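Below is one structure, written out as structure tokens; comments come after it.
The values are calculated or read from the model by the stated rules, or taken from the named source; none is laboratory data. Fair warning: this is a prediction, and the values are worked out from it, not measured in the lab. No Cβ is skipped: glycine too gets one built from the backbone with ideal geometry, and neighbour counts run over all protein chains shown. With ligands, DNA and RNA removed, areas are computed over all heavy atoms of the protein, side chains included. Shrake-Rupley method; radii C 1.70, N 1.55, O 1.52, S 1.80 Å.
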Amino acid sequence: MAHGPAKGITRWLYTTNHKDIGSMYLWFSLAMFLIGGVFALVIRAELFEPGLQIVDPEFFNQMTTMHGLIMVFGAVMPAFVGLANWMIPLMIGAPDMALPRMNNWSFWILPFAFCMLLSTLFMDGGAPNFGWTFYAPLSTTYAPPSVTFFIFAVHIMGASSIMGAINIVVTILNMRAPGMTMMKMPLFVWTWLITAYLLIAVMPVLAGVVTMMLMDINFGTSFFDAAGGGDPVLFQHVFWFFGHPEVYIMILPAFGIVSAIIPTFARKPLFGYASMVYATSSIAFLSFIVWAHHMFTVGMPVAGELFFMYATMLIAVPTGVKVFNWVSTMFRGSLTFETPMLFSIAFVILFTIGGLSGLMLSIAPADFQYHDTYFVVAHFHYVLVPGAIFSIMAGVYYWLPKWCGNMYNETMGKVHFWLAFIGLNLTFFPMHFVGLAGMPRRIPDYSLQFADFNMIASCGAFLFGAAQLLFVYNVVATIRSKHKATTEVWENPEGLEWTVPSPAPYHTFTVAPPIK
Amino acid sequence: MLSRVSRSYVRLLASLGLWSASATTWAEEVERWGVNMTQGVTPMSHNVYDLHMDIFWWCVGIGVVVFGVMFYTMIAHRKSKGAKAANFHESTSLEILWTVIPFVILIVMAIPATKSLIEIYDTSESEVDILVTGYQWKWKYEYVGEDVSFFSSLSTDPNEINNLVPKGANYLLEVDEHLVIPIKKKVRFLVTANDVIHAWWVPALAVKRDAIPGFINESWAYVEEPGIYRGQCAELCGKDHGFMPIVVEAVSEADYEVWLSEKKASAAKLKALTEKEFTFDELYSQGEQVYGKNCAACHQPDGKGISGTFPAIAGSAIATGVLGEHMRMVINGSSNNPMMAAFGPQLSEVDIASVITYQRNAFGNNMGDQVQPIDVLKFKQAK
Amino acid sequence: MSNTSEVQRSVTQQVTRLLGVVVAMFVFAIWVLPPLYDVFCDITGLNGKTGGQYQAVNVVVDTSRQVRVQFLATNNEGMPWQFAPEMASIKVHPGEEVEVRYLATNPTGLTMTAQAIPSLVPFKAAEYFHKTECFCFNQQSLNAGESAELPLRFIVDQDIPKQVNTITLSYTLFDVTADIALAQSN
């Protein structure tokens, strides 16, 4: 019954195979990562020195907006979905995802949406220039004509995420091999299950907010317009009601990846599996009631401000529990430091730094000095770059031998890691300082006291960018390499994915595996 | 060699000792490096700084503990050193411990934070009230009950921004009109916006409030030391978000009263100027300045605009066409593109007359006509 | 290789339920959150929203204290009308009904229509400020050159907390002439 893949372009256009679709998501997200990275380099090139040298302020605002949109919706989220597609069926002993044809659609509408979004750069009036958070009325009454395409792209991308999430939930709940109870699932599957519920809950809210925007712009409504009885602050509440769970959507799968890798290279089981499940669930639940910490200066009544401050501080507790559990997994293990482990350890350390700056941000009176400065930029880049991105790269180095059957070059992997590590710290650590010293966000030019650290940050950014070219080389070289990988690849790794050959056959677990 | 090492150690410890002996100079030293938040010049700003340092040290402590354990583990428990993996993988008591301890730390932090927030929110019994309105891309300040109101725009020379001349010390943080306030008085800031959302932020006062069109926000400051305090807009508001700074000048109460009466007098003088007849050269040179401050940001210093986004003035149909239409565009703004604001309410009649005269005669337009301030006033009244 | 019919049924059930959640959240975002937000604003005074027309009942004037009410006026965007309060502030007793006026002049040569939007600080005072008649309840039209005295009648609630001694009421004037024309032509 099982047969090999079709040949040629139709294989990819019509595939319903989770491995194919996973690969397409991953290649797509890599391309988006590089494009979003180029936009970041335009930003850092302009900010290399005070003065306007390279771009004008209008275009700069388009770069910051598109960098954010592409990285969030085009790089991080599709990469995690790609990993989910590849690994979840393998990890639960299922032959494929529950809804393979919808899976194909979920992917293919993405390149369409992002081509449309990127094409706005060439339209009259330019691309969206109102920040990836697109507050009204800058994004409604004062928006360039391309805003309609922006809204359309967001709708399409949202539909893709929702379909993907439904597929993931239904797959995990229905297609686990007999004997794999929920509490026997790998943590990566747990974190993706919870992430999928978050996506189903909040992506429609994003769709709602851009629809309300569309109506305000084109159909004379006044959701966000004071003149008609509306309120720009309503936009912020609805947006962040989506936006805060969204940032947890961008990190929970990372927690799952790192929870798979560290035990392998510590040669010790994950510490506190049950706690990890409860902690992840608490984080997901709490993520719904903290949204207004993005709005501490908007003028909320003091009771609301206090509530959101307390709830936000609370999230530190389950997050801390997870960090302690990873450290305890390493403690008294038998550690080796292959590339996936390097990325994972850097994740734990640097994500913790990002989390701690987040704790500082949660202190509302102090936030009056941090809000909308580079301190915030430093915070979220620490949790997203050595956080989400490093976890994705760790996952790629960890599972690539399983996907393509060849080992990557360990030295090249380590070089990529160290260049990326040094580059990102040079880029983002100084941002804490300039933010505290008073530099606001989203400005193309700055006063002289911020010059030195900005120069360092720009140098770091170009180093980090160059390191990613090495990553692309490593991935391609591995796929074409002659150095074969074993079935287990690593030393005694846990998980069903390590019981199938490397490369994994086109169809796996057509018969459910036994679970002990 | 050992004695050399121990001597340098002694020197290091001695300097550290001297340093830590004066904790305030240490903080001031760090502030001079430009790596930390300012302590500011109000009781609330000192309060906020203290909260910031408190949570910062807690974070450092947590980081030291967690990373310390990690680094120890990475060295001591390496397979290459012969470490054998233990087998433990759960401990309920540990989980409880490291849930409860962070929770307690949070409560310890939350109490002073709550106190400060409630104090910041108490805007009652203010002595001076100032209505701050954010515009694209400048601020308007009105002293409530005093009939003093003026705009405050970036005064940095565009040539500095375009790297044609060296940058001044207050590059991008200087304005044409300072917001003057008295020290040792509770000053309340009522913040709103004219178009999109802006945010008014002065770090030295620890005041940051979003400026939302159609709504009023309030904050306050009690400045203890006279001085000049600079801030910036803190919410993306379009093209020149990075070019609309704030300069607050805190002066003694006596100096404040003097300044206030001077401001009222000059407002009266400006009204009188509307009646005056200006020469072409006076209008042209004044217009050049007004153009540089208000129009060049979009229409560019050479009047050529940016294709597809900002129309050119050089050779444009409006600037070389019917004078009335040109006046309508500048005074009332564009009827279909909100990017071209109405400058009627923002600029004086003298400035509007000058800038229209300038636009019609510069950039090779050479129309030869001119506009007097009284024409602008009549236009506003009759259209 | 394909699923058993039992699994299929379970899958279909779950997909239907999850799609239901998706639709419900979309409806929630557009039809529930905005009105919920307005209710929240009413209760907490968020953004200084002051509510609609007030019917006074059982009013008792508290002569033992006075509250100062300040009046501000702002023109939105390029709104060219002259718009200012007749007096900058007034002291009132809680429970006392007071009338003040805002003066508006349309200096242009066209008939225009305006909408005034009120906003009040401190937020916690918003629920204690009642407007029995306000020019902000309706759009205001003025012909070319016409002036008007726009009335505002209000009562500061007798239960207003003792710590509130100053209320600042701000009106932002929006030009809605074009929006009315658009609505009429549709």
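Here are the numbers for the structure shown:
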read-out	value
Spatially proximal aspartates and glutamates relative to B:Lys115 (Cα-Cα < 15 Å; intrachain offsets below 8 disregarded)	A:Glu305, A:Asp367, B:Asp50, B:Asp54
Average partner coverage of B:121-133, which counts Cβ from other chains inside 10 Å	3
Cα-based equivalent ellipsoid, the range B:39-122: semi-axes from gyration tensor eigenvalues, Å	40, 17, 5
Estimated distance in nm for a label pair at B:Leu377 and C:His93, the labels positioned 7 Å out from Cα along Cα-to-Cβ	4.6
Computed E for A:Asn492/B:Val108 - FRET, C-beta separation, R0 41 angstrom, nearest 0.05	0.40
Per residue solvent-accessible surface (Å²) - the protein assembly as shown, probe of 1.4 Å	39
Extreme residue, positive dipole direction of the protein assembly as shown, given options B:Asn162, A:His371, C:Ala178 (C-beta unit charges)	A:His371
Residues of type lysines that A:Lys322 reaches as a straight line, Cα spacing below 21 Å, ignoring anything fewer than 8 places off in the same chain	A:Lys184, A:Lys268
A:Ser146, A:Ser281, ranked by accessible area, largest first (probe 1.4 Å)	A:Ser281, A:Ser146
C:Ala84 versus B:Met53: modelled label distance in nm, points set 7 Å from Cα along the beta carbon direction	4.8
Electrostatic dipole magnitude of the protein assembly as shown [Cβ: Lys, Arg +1; Asp, Glu -1; Cα centre; debye, to 20]	5000
Estimated Rh, chain B: Kirkwood, alpha-carbon pairs, angstrom	25.6
B versus C: buried accessible surface, summed, Å² (probe 1.4 Å, to nearest 100)	2100
FRET E, pair C:Asp159, A:Lys414, Förster distance 51 Å, beta-carbon r, rounded to 0.05	0.15
Low-density loop cleavage sites - chymotrypsin sites (Phe, Trp or Tyr not before Pro) in the range B:203-307, where at most 15 other Cβ are within 10 Å (DSSP)	none
Which listed pairs, of A:Lys414/B:Lys84; B:Lys186/B:Lys271; B:Lys186/B:Lys264; B:Lys239/B:Lys269, have C-alpha distances above 27 Å, in listed order	B:Lys186/B:Lys271; B:Lys239/B:Lys269
Residue range of chain A that is longest and free of GluC sites (Glu not before Pro) which are both DSSP loop and sparsely packed (at most 16 other C-beta within 10 Å)	A:1-487
In Å, descending, principal axis extents of the Cα set of the protein assembly as shown	93, 79, 72
Normalised convex hull volume, the range A:204-245, alpha-carbon set, Å³ per residue	49
Point-charge dipole on Cβ atoms (K/R +1, D/E -1) for chain B, about Cα centre, debye to 20	1740
Distance between modelled label sites at A:Phe219 and C:Ala181, nm, 7 Å Cα→Cβ extension	2.5
Pairwise centroid distance, computed over Cα atoms, of the range A:338-416 with the range C:97-155, Å	54
10 Å Cβ neighbours from other chains, averaged over peptide A:343-355	2
Cα long-axis angle, helix A:57-69 against chain A (0 to 90 degrees, to the nearest 10)	30
Principal-axis tilt of helix B:92-120 within chain B, Cα atoms, nearest 10 degrees	40
Net lengthening on full extension, C:Arg101/C:Val57 (0.36 nm per residue, minus Cα-Cα)	13.5 nm
Cα centroid separation - the range A:190-231 against the range B:57-91, whole Å	44
Accessible area of chain A belonging to carbon and sulfur atoms, whole % at 1.4 Å probe	71
Principal-axis tilt of helix A:374-383 within chain A, Cα atoms, nearest 10 degrees	10
Largest-first principal axis extents, alpha carbons of the range A:357-463, Å	52, 29, 18
Unit charges on C-beta of K, R, D, E only; dipole of chain A, Debye	1880
Estimated FRET transfer efficiency (A:Arg101, C:Glu133; beta-carbon r; R0 51 Å; 0.05)	0.20
Partner lysines for A:Lys7 [C-alpha distance under 29 Å; skip if fewer than 8 residues away on the same chain]	A:Lys19, A:Lys402, A:Lys482, A:Lys484
Accessible area buried at the A-B interface, both sides summed, 1.4 Å probe (Å², nearest 100)	7900
Candidate residues B:Ser116, A:Ser222: accessible-area rank, largest first, probe 1.4 Å	A:Ser222, B:Ser116
Loop-located trypsin sites (Lys or Arg not before Pro) in the range A:434-513, at most 12 other Cβ atoms within 10 Å (DSSP)	A:Arg480, A:Lys482
